[in-house]
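Written out below as C-alpha cells is the structure these notes cover.
Bear in mind that the values in this text are calculations on the coordinates, not laboratory data. These figures come from a predicted structure and were not determined experimentally. Backbone-built Cβ (ideal geometry, glycine too); neighbour counts: all protein chains shown.
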Amino acid sequence: MSERLYLFDTTLRDGEQSPGAAMTREEKILIARQLEKLGVDIIEAGFAAASPGDAEAIHAIAEVVKDATVCSLARANERDIRAAGEAIKPAASGRIHTFIATSPIHMEKKLRMQPDQVVEAAVAAVKLAREYTDDVEFSAEDALRSEPDFLCRIFDAVIQAGARTINVPDTVGYAVPHLTTAFFRRLIEGTADSDKVIWSAHCHNDLGMAVSNSLAAVMGGARQVECTINGLGERAGNAALEEIVMAVRTRRDVFDLETRIDTTQIVPTSKLVSTVTGYPVQPNKAIVGANAFAHESGIHQDGVLKHRETYEIMSAESVGWTHNKLTLGKLSGRNAFRSRLQELGILPAGEEALNAAFARFKELADKKREIYDEDLFSLIGDAVATERYKLVSLKVVSETGEQPRAQLVLSDEGRECHGESVGSGPVDATFKAIESLVASGSELQLYSVNAITSGTDSQGEVTVRLQQHGKVVNGQGADTDIIVASAKAYLSALNRITLDTVRAHPQV
Ligand code: KIV
Ligand code: ZN
C-alpha cells in the first residue's frame with residue numbers, strides 16, 4: 001500500500017486574497033461543496049477574524065461539508081484563535097491553522113518581536129486552539145527564509161503544545177526545488193517527535209516554481225501539500241492543485257503516493273472557480289487550460305490517432321474534459337436542468353437561486369440552440385451573484401465612420417433608470433452609459449473576452465476588473481452578444497463593489 005498524500009485546498013482563503021477574487025458566502029459554499037466532491041482532505045474555508053462575513057461563511061461551510069476537514073486560518077493571538085474556533089464549531093471535522101512569521105526580516109521589521117517572544121506566542125496560540133479542536137496546524141510564515149535551527153526550536157515547542165500538522169510555507173516564492181527537499185529533510189531530522197506530525201508544504205509561485213517546490217518538499221518528507229485550484233492566489237499565485245495531483249498520479253513510479261482526489265472532477269472545479277472569481281484560465285495552462293490536450297501539429301495528431309500514448313501522458317477524460325458535451329436545449333424542463341446541475345456539482349443552494357438560474361437558462365436557450373456544460377457554469381456564476389444593478393435593455397449603434405452610441409436601461413434595486421453615452425467603441429460607450437447613471441468613479445483595470453464554447457453562436461464571457469478607493473473587484477458576464485456580456489460584467493463588478501467586504505488581511 002502506498003502512503004497517503006493529503007491535499008489541503010486554500011482556494012477560499014489564500015486564493016481569495018487575489019485582487020478582485022473576494023467571494024460571497026453563497027459562492028464560497030458552492031465552491032466548498034465542489035471541493036468536497038473533488039475529494040480534497042482539508043478545505044481552508046477562510047480567515048474568521050478577517051470580518052464577520054468571513055466568519056459566517058466558514059461557519060456555513062462547516063455546516064454543509066461532511067466529507068472534508070473544514071479549517072480556519074488564525075494569527076497567533078487570542079482574538080483570532082477564538083474567532084476561528086467558533087467558526088469551525090459545526091464541522092464534522094474542524095481544524096485551526098495558526099501561524100506566525102519566523103524569518104529574521106519578518107520578526108524584526110514586521111512583528112517587531114524577539115525570537116523568544118515569537119516562540120511564546122506560537123505555543124500559547126496552539127494551546128488555546130487545542131481547547132477548540134484536536135486538529136491544530138502550525139505554520140512558520142516565511143519559513144524558507146528562516147534559520148533552520150530556529151524553526152526546529154519553534155516546531156519542537158508547538159508539537160509539545162499539541163500541533164498535529166507542521167506547515168513550512170515559502171511565503172514569498174523564494175525557494176528552489178533541490179534546496180527545498182534538503183530543507184525539509186533537515187527540519188524533519190532536527191525536530192524531536194517529527195514522526196508524530198504531518199509535514200506540510202505551502203508554496204507561492206513568484207518564480208514560477210510553486211508546484212516544483214511542493215513536489216520537492218514531498219520528496220523531502222512532506223505528506224500534506226497546500227494548494228489552490230488553477231493556482232489562484234496573491235501575486236503570482238499558489239501551487240496549482242491539479243498539477244500536483246496529476247504529477248503524483250502520472251509519475252507514481254517517482255512518488256509512490258495515493259491521494260483521495262477524484263481526478264474527473266478537476267476540470268469542473270477549475271471552471272467553477274474561474275467563473276466565480278473572474279480569473280480566466282490561460283489556454284496553455286497545464287491540465288485545465290483549453291489547449292492542454294489539443295494536438296495542433298499534423299505529426300502529433302497522426303501519432304495520437306494511431307496510439308494515444310505516443311503524445312499523451314494522461315487522458316483528457318481522466319481529468320474531467322468532456323467533448324463539449326451537449327447537455328440541454330430549449331425544450332429541457334426544470335427537472336432535467338436541476339439534475340444536470342447536480343451532476344456537475346453546481347446546484348445552487350435554495351429554490352430562489354435555482355429559479356433565477358432556470359430563468360436565465362430559458363433566456364439563453366432562446367438565443368442559442370445548443371447548451372453545453374460550459375454555458376451552465378457561467379449561468380450559475382450569475383445566479384448566485386448578489387445583484388443591486390441589473391441590465392434591463394441595451395441598444396448600441398455602431399457604424400463605420402460614426403461614433404458609437406449606447407442607450408441602456410438598468411434597474412437599481414428595482415427602480416429603472418435610462419442612460420446614454422457615446423464612446424470610442426461600442427464597449428466604451430456602454431460603460432460610459434452605465435457610469436452616467438451609477439457615477440461610481442471606478443477605474444477599469446482589466447477587460448477581457450473569451451468564447452465559452454466553440455462556434456460563432458458561442459457565448460462570449462467578459463471579465464472586468466474595477467478599482468474604487470483601493471478596493472479591487474472582478475465581474476463576469478456572459479451572453480451571445482459580447483456588448484451585452486460586457487455590460488453585464490461591468491454591472492456584476494459594480495454589484496461587488498457595493499458589497500461591504502472590508503476585511504483584515506492575515507499577513508499584513
Ligand atoms: O504564504 C503563507 O505564508 C501563508 C500562511 C498564512 C500559511 O499563506
Ligand atoms: Zn500563502
Violations at 21 Å Cα threshold for listed pairs 271/488; 271/330; 367/390; 37/285 -> 271/330; 37/285
Counting only residues 5 or more apart in sequence or on a different chain, those whose built amide H sits under 5 Å from that of residue 47 are 73
For the range 438-508, the charge dipole (Cβ of Lys, Arg +1; Cβ of Asp, Glu -1; about the Cα centre) points to a positive end, and the Cα of 447, 469, 497 closest to that extreme belongs to 469
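Mind putting a number on the dipole of the range 162-204 about its Cα centre? Charges go on the C-beta only, +1 for Lys and Arg and -1 for Asp and Glu, and I need it in Debye to the nearest 20. Walk me through the numbers before you get to the answer.
Values: 4 positive and 4 negative charges, 5 e Å.
The calculation lands at about 20 debye.
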Partner lysines whose C-alpha sits under 24 Å from that of residue 196, ignoring same-chain residues fewer than 8 away, are 127
In whole angstrom, the spacing between the Cα centers of the range 438-471 and the range 104-131 equals 42
Bridge orientation stat for the chain from DSSP, antiparallel percent rounded to 5, came to 50
Sequence order, the range 136-145: Karplus ³J(HN,Hα) from phi using 6.51 cos²θ - 1.76 cosθ + 1.60, θ = phi - 60°, Hz rounded, Gly and Pro as x, gives 10, 10, 10, 10, 9, 4, 6, 4, 5, 10
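Counting pairs of Cα atoms in the chain, how many percent are more than 29 Å apart? Don't jump to the answer; show the numbers that get you there.
Values: 67873 of 128778 pairs.
Here the long-distance tail beyond 29 Å is 53 percent of all Cα pairs in the chain.
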Sorted by chain and number, the residues with a modelled amide H under 5 Å from that of residue 446, at a separation of 5 or more or across chains, are 465
Dividing the helical contributions, -39500 (n - 2.57) per DSSP H run of n ≥ 4, by the residues of the chain yields a 222 nm value, nearest 500 deg cm²/dmol, of -12000 deg cm²/dmol
Checked against the positive end of the charge dipole of the chain (+1 on Cβ of Lys and Arg, -1 on Cβ of Asp and Glu, about the Cα centre), the farthest of 171, 314, 404 is 404
Taking Cα pairs closer than 8 Å and at least 6 residues apart, the relative contact order of the chain in percent is 12
Treating only Lys and Arg (+1) and Asp and Glu (-1) as charged, each at its beta carbon, one finds that the range 415-508 has a dipole about its Cα centre, in Debye to the nearest 20, of 420
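Quick check on the exposure proxy: order 398, 393, 442 from fewest to most C-beta atoms within 10 angstrom. Before the final figure, lay out each step's value.
Values: 398 15, 393 12, 442 22.
The order, fewest Cβ neighbours first, is 393, 398, 442.
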Here the relative contact order (percent) of the range 239-316, from C-alpha pairs under 8 Å and at least 6 apart, is 20
Along the range 220-225, Karplus-curve 3J(HN,Hα) (6.51, -1.76, 1.60; θ = phi - 60°) to the nearest Hz, with x for Gly and Pro, reads x, x, 5, 10, 9, 10
Measuring from its Cα centre, the range 132-291 shows a charge dipole (+1 at each Lys and Arg Cβ, -1 at each Asp and Glu Cβ) which, in debye to the nearest 20, is 460
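Kindly put 256, 481 in sequence by how many other C-beta atoms sit within 10 Å of each C-beta, fewest to most.
256, 481
If you average the sequence gap of Cα pairs under 8 Å that are 6 or more apart and divide by the length of the range 367-492, what percent do you get for the contact order? Walk me through the intermediate numbers first.
Numbers: 260 pairs, mean separation 24.9, N = 126.
Once divided by the residue count of the range 367-492, the mean separation gives 20 percent.
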Projecting the Cα atoms of 356, 240, 257 onto the charge dipole of the chain, where Lys and Arg contribute +1 and Asp and Glu -1 at Cβ, the residue farthest towards the positive end is 356
Residues 250, 456 in order from fewest to most other beta-carbon atoms within 10 Å are 456, 250
